[in-house]
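Enquirer: Next up is a structure, given as structure tokens.
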Amino acid sequence: MLFLVDGYNITRSDPATKSLELEGQRDDLIARLRARGPRLLGAGRIIVVFDGAGGMGTASGGSVPVEVRFSRDEDADDLIVRLAAGAGERVCLVSSDVALADRVRAVALRGAEVRGREAVFEAAGRGGAKRRGGAGADADSLGVPPGGRTVTRELEKLWLEEEDEG
């Protein structure tokens, strides 16, 4: 399955990212998909499409490769439709843009599934809304793999013990 993710359609509505600058929105979504893409979406390739003339490539560093595309001189919706039309596999559009969903369904050769943007919101798949850095936020909710905060907790213990003794 090819997952085509309508980047700004998600980040501009996600309570965890909508107040961030555009670069922060993009980084957050990409990190989330690299860390939890298969759990949020299922098995398959992930391409995130953003409007604009930014870079292009595969975001690495997480457990899942995520291809990032910028629409450059065309509308991001047009790029998504073109990618769906050229896909040699089933397509799943992740967007709440109804007109875009209709266009993708019309061109996808092997059929298209559509999931609303909430499928990849920060709180998706965890049974409740957790805010970035807020009470109850864990390493997984921040896009950090399990165990990724162990060193930080160990250092905090050491520093706090030293402050208490001093």
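The values are calculated or read from the model by the stated rules, or taken from the named source; none is laboratory data. It should be emphasised that the depicted structure is a prediction, and the values quoted were computed from it without experimental measurement. Using ideal geometry, Cβ is built from the backbone for each residue, glycine included, and neighbour counts are taken over all protein chains shown.
Enquirer: Only one residue in ARG132, ARG126, ARG72, ARG149 is surrounded by 10 or more Cβ atoms within 10 Å (Cβ to Cβ) and modelled with pLDDT of 75 or more, so which one is that?
Expert: ARG72
Enquirer: Would you say LEU41 is assigned by TED's automatic domain parsing to the domain that holds ARG117, aliphatic (A, V, I, L, M), surrounded by 14 or more Cβ atoms within 10 Å (Cβ to Cβ) and closer than 16 Å to ALA124 by Cα? Break it down stepwise before answering.
Expert: Numbers: assigned by TED's automatic domain parsing to the domain that holds ARG117: yes; aliphatic (A, V, I, L, M): yes; surrounded by 14 or more Cβ atoms within 10 Å (Cβ to Cβ): yes; closer than 16 Å to ALA124 by Cα: yes.
Answer is yes for this residue.
Enquirer: Just one of VAL104, VAL98, VAL114 is modelled with pLDDT of 95 or more, exposed (fewer than 15 other Cβ atoms within 10 Å of the Cβ) and in the same structural domain as LEU33 (by TED's automatic domain parsing); which is it?
Expert: Only one candidate qualifies: VAL98.
Enquirer: Need the failing condition index for ALA87 against (1) modelled with pLDDT of 95 or more; (2) crowded, with 20+ Cβ neighbours inside 10 Å, just the number.
Expert: In the conditions (1) modelled with pLDDT of 95 or more; (2) crowded, with 20+ Cβ neighbours inside 10 Å, ALA87 misses (1) alone.
Enquirer: Checking the conditions here, which among ARG26, ARG72, ARG105, ARG82 is in contact (Cβ under 8 Å) with a residue 24 or more places away in the chain, more than 16 Å from ALA124 (Cα to Cα) and either assigned to a loop (DSSP other than H, G, I, E, B) or not aromatic (Phe, Trp, Tyr) (or both)?
Expert: After ruling out the rest, the residue left standing is ARG26.
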